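Colleague: Here it is, the structure in full.
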Amino acid sequence: MPTTVPALVTEAAGKPLERSTIERRDPKPHDVVIDIAYAGICHSDIHQARDEWGGSEFPMVPGHEIAGTVSAVGPEVTRYSVGDRVGVGCFVDSCRECANCRAGEEQFCTRGEVQTYNGREYTGEQTFGGYSTQVVVDEGYVLRIPDGIELDVAAPLLCAGITLYTPLTHWGAGPGKKVAVIGMGGLGHVGVKIAHALGAEVTVLSQTLSKESDGKRLGADHYYATSDDETFTTLDSTFDLIVNTVSADLDVERYVALLALDGSMVNVGIPANSASIHAFSLANGRRSLSGSKIGGIRDTQAMLDFCAEHHIGAEVETITVDDVNTAYDRVVDSDVRYRFVIDTASF
Ligand code: NAP
Ligand code: ZN
Ligand code: ZN
């Protein structure tokens, strides 16, 4: 018998999230039942709940930054026990057979990884995310949250953390490298902490200087306002790596000009519209423009362990389930310091 649990549900694109219930399956042999303590609000939740990328399926329960405690396990589970502190990120299954799955890059599963919400299990059932009190996930897609990180500040690491850890490590952020992060939001602020911990020289490129003192406290060496044209003159041809976390349309061309010789700009922000760039902007300086999407299970665990070792968690504002619709508007207005996290005790 499936279990009926409380959840925040939206019935159609842009409709408010409302208290309702959903069903969670009985644990299969390899399943872990997780009592969710906190769920982060990622801007991707908003893009999908408002169907800004197209193809959203309703009803929807968003939430792919999940932290909680194991409350039951299926009979063949070996990795987790009742009471363990665990997390779930953006996907809950993948084919496990394709080259990308075998390489530990399950987020690029060629069959299509099963998204934590707004997705379908391979059996065809709709998936529902973390704005709820419980979730049931195969143990191979569950992460261990190290003791050094509290669950509330750990939750956003499951998406924001891995989304920045992957490009920063893949493109070699470290001592002697100049790294810029565009956008001091949910992704960006965690990126500043991780890039600093990796030893890079970190610059924040934010619309204004309103968050400068926070940025420097979190590990930025420099902080510039992109509303000031002077910034683009000062920083021309400067960075080895730029990670763009902006959720809205951006003049990518302008930022690529800030890359040094052989520098790379990596888009992790996914606005609704396309951007364009002239080939000269990349040819000049042998620059690269690329993208990155979350990370595989192995790297997500490595990120959590790295964050625990360096005492990195998200800066969170804890809210109740009744605050979520207002929180969505505040995220869109860049009015969040720096990640909203839903306390599921408020269900
Ligand atoms: P967020 O908290 O809203 O942060 C985005 C930041 O972008 C804002 O804080 C703001 O920073 C800046 N920004 C917003 N509007 C802007 C504008 N019009 N012009 C310039 N800058 C602007 O969102 P998030 O949760 O970090 O997510 C950011 C994006 O990444 C979203 O599109 C999301 O869907 C995407 N995402 C991608 C992945 C992936 O795997 N690739 C994973 C998670 C999320 P300032 O106030 O500092 O300017
Ligand atoms: Zn996300
Ligand atoms: Zn696969």
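The values are calculated or read from the model by the stated rules, or taken from the named source; none is laboratory data. Since we're looking at a predicted model, the values are computed, not measured. With ideal geometry, Cβ positions are generated from the backbone for all residues, glycine too; neighbour counts draw on all protein chains shown. We work out accessible area using only protein heavy atoms, side chains counted, and drop any ligands, DNA or RNA first. Shrake-Rupley method; radii C 1.70, N 1.55, O 1.52, S 1.80 Å.
Colleague: Which residues, counting only those in the range 283-301, are assigned to a helix (DSSP H, G or I) and open to solvent by 40 Å² or more (accessible area, probe 1.4 Å)?
Modeller: Ala283, Arg298, Asp299, Gln301 - these are the residues of the range 283-301 that are assigned to a helix (DSSP H, G or I) and open to solvent by 40 Å² or more (accessible area, probe 1.4 Å).
Colleague: Report yes if some residue within the range 239-256 is away from ligand 1 (no atom under 16 Å from the Cβ) and either more than 30 Å from Cys101 (Cβ to Cβ) or in contact with a Lys or Arg (Cβ under 6 Å, 6 or more places away or on another chain) (or both); otherwise report no.
Modeller: yes
Colleague: Just wondering, is there one or more residues in the range 34-50 that are in contact with a helix residue (DSSP H, G or I) (Cβ under 9 Å, 6 or more places away or on another chain) and over 30 Å from Met184 (Cβ atoms)?
Modeller: yes
Colleague: Could you check the range 335-345 and list, in sequence order, the residues that are more than 16 Å from the chain's Cα centre (by Cα) and open to solvent by 30 Å² or more (accessible area, probe 1.4 Å)?
Modeller: If the condition is that a residue be more than 16 Å from the chain's Cα centre (by Cα) and open to solvent by 30 Å² or more (accessible area, probe 1.4 Å), then Asp335, Asp343, Ala345 are the ones that fit.
Colleague: Shifting gears a bit: Quick check: anything in the range 268-291 among the polar types (S, T, N, Q) and touching a residue at least 60 places away in the same chain (Cβ under 8 Å)?
Modeller: No, the range 268-291 contains no residue that is among the polar types (S, T, N, Q) and touching a residue at least 60 places away in the same chain (Cβ under 8 Å).
Colleague: Residues in the range 128-148: is at least one within 23 Å of Asp214 (Cα to Cα) and open to solvent by 30 Å² or more (accessible area, probe 1.4 Å)?
Modeller: The answer is yes; a qualifying residue exists.
Colleague: Looking at Lys216, Lys211, can you tell me which residue is under 30 Å from Tyr38 (Cα atoms), surrounded by 21 or more Cβ atoms within 10 Å (Cβ to Cβ) and not assigned by TED's automatic domain parsing to the domain that holds Glu139?
Modeller: Only one candidate qualifies: Lys211.
Colleague: If you go through the range 330-347 one residue at a time, how many are modelled with pLDDT under 95 and either of a type in the set (Val, Ile, Thr) or within 16 Å of ligand 3 (Cβ to nearest atom) (or both)?
Modeller: So the answer is 1.
Colleague: Against the condition β-branched (Val, Ile, Thr) and within 16 Å of ligand 1 (Cβ to nearest atom), how does Thr78 come out, does it pass?
Modeller: Judged against the criteria, Thr78 is not a match.
Colleague: Looking for something touching a residue at least 24 places away in the same chain (Cβ under 8 Å), open to solvent by less than 20 Å² (accessible area, probe 1.4 Å) and in a loop (DSSP other than H, G, I, E, B) - is there at least one such residue anywhere in the range 315-323?
Modeller: no
Colleague: Could you tell me whether any residue of the range 74-89 is polar (S, T, N, Q) and either in contact with a Cys (Cβ under 6 Å, 6 or more places away or on another chain) or crowded, with 20+ Cβ neighbours inside 10 Å (or both)?
Modeller: no
Colleague: Pairs please, first residue from the range 155-169 and not assigned by TED's automatic domain parsing to the domain that holds Ala308 and modelled with pLDDT under 95, second anywhere and outside any helix (DSSP H, G or I) and near ligand 2 (Cβ under 9 Å from one of its atoms), Cβ atoms under 9 Å, 6+ apart in sequence or on different chains.
Modeller: Close Cβ pairs (under 9 Å, with a partner that is outside any helix (DSSP H, G or I) and near ligand 2 (Cβ under 9 Å from one of its atoms)) do not exist here.
Colleague: Residues Ala272, Ala327, Ala314: which one is farther than 19 Å from Trp171 by Cα, within 12 Å of ligand 1 (Cβ to nearest atom) and modelled with pLDDT under 95?
Modeller: It is Ala272.
Colleague: What number of residues in the range 92-133 are without any contact (Cβ under 8 Å) to a residue 12 or more places away in the chain and either β-branched (Val, Ile, Thr) or not assigned by TED's automatic domain parsing to the domain that holds Ala49 (or both)?
Modeller: Total satisfying the criteria: 1.
Colleague: Mind telling me which of the residues Asp236, Asp249 ends up being surrounded by fewer than 17 Cβ atoms within 10 Å (Cβ to Cβ), part of a loop (DSSP other than H, G, I, E, B), of a type in the set (Asp, Glu) and under 23 Å from the mean Cα position of the chain (by Cα)?
Modeller: So the residue among Asp236, Asp249 that is surrounded by fewer than 17 Cβ atoms within 10 Å (Cβ to Cβ), part of a loop (DSSP other than H, G, I, E, B), of a type in the set (Asp, Glu) and under 23 Å from the mean Cα position of the chain (by Cα) is Asp249.
Colleague: Which of the residues spanning the range 80-91 are in contact (Cβ under 8 Å) with a residue 12 or more places away in the chain and either outside the structural domain of Gly140 (by TED's automatic domain parsing) or of a type in the set (Gly, Ala, Ser) (or both)?
Modeller: Across the range 80-91, the qualifying residues are Gly83, Gly87, Gly89.
Colleague: Moving to a separate point now. Looking at the structure I just gave you, is Glu52 open to solvent by 10 Å² or more (accessible area, probe 1.4 Å) and either at negative phi or more than 25 Å from the chain's Cα centre (by Cα) (or both)?
Modeller: yes
Colleague: Please pick out the residue among Ala275, Ala308, Ala260 that is part of a loop (DSSP other than H, G, I, E, B) and either surrounded by 15 or more Cβ atoms within 10 Å (Cβ to Cβ) or hydrophobic (A, V, I, L, M, F, W, C) (or both).
Modeller: Ala275
Colleague: Can you run down the residue pairs with Cβ atoms below 9 Å, 6 or more apart or on separate chains, where the first is in the range 226-242 and under 23 Å from Gly174 (Cβ atoms) and the partner is charged (D, E, K, R)?
Modeller: Thr238/Lys178; Phe239/Lys177; Phe239/Lys178; Asp240/Lys177; Asp240/Lys178; Asp240/Asp262; Leu241/Lys177; Leu241/Lys178
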